[in-house]
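Some notes on the structure that comes next.
The values are calculated or read from the model by the stated rules, or taken from the named source; none is laboratory data. Computed from a predicted model, the values in this text were never measured in an experiment. No Cβ is skipped: glycine too gets one built from the backbone with ideal geometry, and neighbour counts run over all protein chains shown. Heads up: the accessible areas ignore ligands, DNA and RNA and are worked out on the full protein's heavy atoms, side chains in. Shrake-Rupley method; radii C 1.70, N 1.55, O 1.52, S 1.80 Å.
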Amino acid sequence: MRLVSFGDGGSRAGIVCRDGTISDVTDLIPSDLAPGKGALRRIIQGYDGLRDQLSERERSGGGVAFDSLVLSAPVSDPTKIVAAPVNYIDHMEEMQQLSHIDSLGVFLKAPSSLIGEGGTVRLPYSNRRFDQEGELCFVIGKQARNVKVEEADEYIFGYSVLLDITMRGGEDRSTRKSFDTFTPMGPWVITSDEVGSLDDLELRCWVNGSLRQDARVSDLIWGVPELVAYVSSVMTLFPGDVISTGTPKGVGQLADGDKIVVEISRVGRLSVSVSDLGATFSVTRGGSSVPNQLSSQQSG
Ligand code: MN
């Protein structure tokens, strides 16, 4: 099943039907579920009881044209977005880092940084470097605390494509990656039963049609089950929480007018544009933490 969010702040949830249209399923949300603006987060909370009705909507189709809706991030109001800092060896090398996730742990991105398919990343400053980081992310299906690696699958609702837009420099990651619009996600969340094994998933990211990132998800240092186990040992995870797995080699600088596309096999294809409209001068000085020369050349 592929599920989307749309409407004001993701107040409506939809399912991508077999005929390619989107059927609004907001009406299926039981009234006893916790209130909140994000409709899809409540669908996820109630998924076990809604599965058959959702499947029926998916089969019957007859919704609105996919392109007629402005999509939000599929989960528009997660309680948190957790992300992996250095989780591919080749990205550690390009960043000239000496340590990776097994030293660094994870970090948080502000949920207010989410945007959906077709959205615009707004670069806030004219004097700083901003990079794209294409990533596989997953959405938590039920409350999780101290989950074992071998039980992790039970807690994963589905997968999506995420861009961890990043300002380079010495500020804390939570600052550099939490500007509004810095977490494009979508276009949908696809349930894990339709993705199957992650071992052969391929991630590719293009900027203005030029391939920057080309990786296999199987090269993750900490895979998805290890991330569920570790993150749930630190903090309680709730339905709809988003965990992003980290980016492979090939991050590169963004500029006004860029078009970014990230595609992950069997998961989806996410497209956004970049604008520096309204950019000001950075009030923090940052540092010199940028990818090495090889990667800068690749990124053009
Ligand atoms: Mn990242």
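Please find, among Gly240, Gly257, the residue that is free of Cβ contacts under 8 Å to residues at least 24 places away in the same chain and more than 14 Å from the ligand (Cβ to nearest atom). Explain how you work it out, then say what you get.
Numbers: Gly240 fails: free of Cβ contacts under 8 Å to residues at least 24 places away in the same chain.
Going through Gly240, Gly257 in turn, the sole match is Gly257.
Within the stretch 213-231, the set of residues being at pLDDT 95 or above and either among the polar types (S, T, N, Q) or outside the structural domain of Phe107 (by TED's automatic domain parsing) (or both) comprises just one member, Gln213. Is it true that Arg173 is open to solvent by 10 Å² or more (accessible area, probe 1.4 Å), within 14 Å of the ligand (Cβ to nearest atom) and touching a strand residue (DSSP E or B) at 6+ places or on another chain (Cβ under 7 Å)? In short, yes.
Taking the stretch 18-51 as the range and being open to solvent by 30 Å² or more (accessible area, probe 1.4 Å) and outside any loop (DSSP other than H, G, I, E, B) as the test, the residues that pass are Asp24, Asp27, Arg41, Arg42, Gln45, Asp48, Gly49, Arg51.
Of all residues in the stretch 62-105, those satisfying the criterion of being touching a strand residue (DSSP E or B) at 6+ places or on another chain (Cβ under 8 Å), within 16 Å of the ligand (Cβ to nearest atom) and either assigned to a helix (DSSP H, G or I) or open to solvent by 20 Å² or more (accessible area, probe 1.4 Å) (or both) are Lys80, Asp90. Applying the criterion of being among the hydroxyl-bearing types (Ser, Thr, Tyr) and within 17 Å of the chain's Cα centre (by Cα) to the residues of the stretch 245-294, the residue that is surrounded by the most Cβ atoms within 10 Å (Cβ to Cβ) is Thr247.
Can you pull out the residues in the stretch 124-167 that are of a type in the set (A, V, I, L, M) and within 14 Å of the ligand (Cβ to nearest atom)?
Passing the criteria: Leu136, Val161, Leu162, Leu163, Ile165, Met167.
Within the stretch 106-126, work out how many residues are in a loop (DSSP other than H, G, I, E, B) and closer than 17 Å to Thr247 by Cβ. Break it down stepwise before answering.
Initial filter on the stretch 106-126 (in a loop (DSSP other than H, G, I, E, B)): 106, 110, 116-119, 123-124, 126.
Narrowing the set further to residues that are closer than 17 Å to Thr247 by Cβ leaves 106.
Result for the stretch 106-126: 1.
Residue pairs whose Cβ atoms lie under 8 Å apart, separated by 6 or more positions or on different chains, with the first residue in the stretch 121-142 and in contact (Cβ under 8 Å) with a residue 60 or more places away in the chain and acidic (Asp, Glu) and the second open to solvent by 40 Å² or more (accessible area, probe 1.4 Å) and assigned to a strand (DSSP E or B), are Asp131/Gln253.
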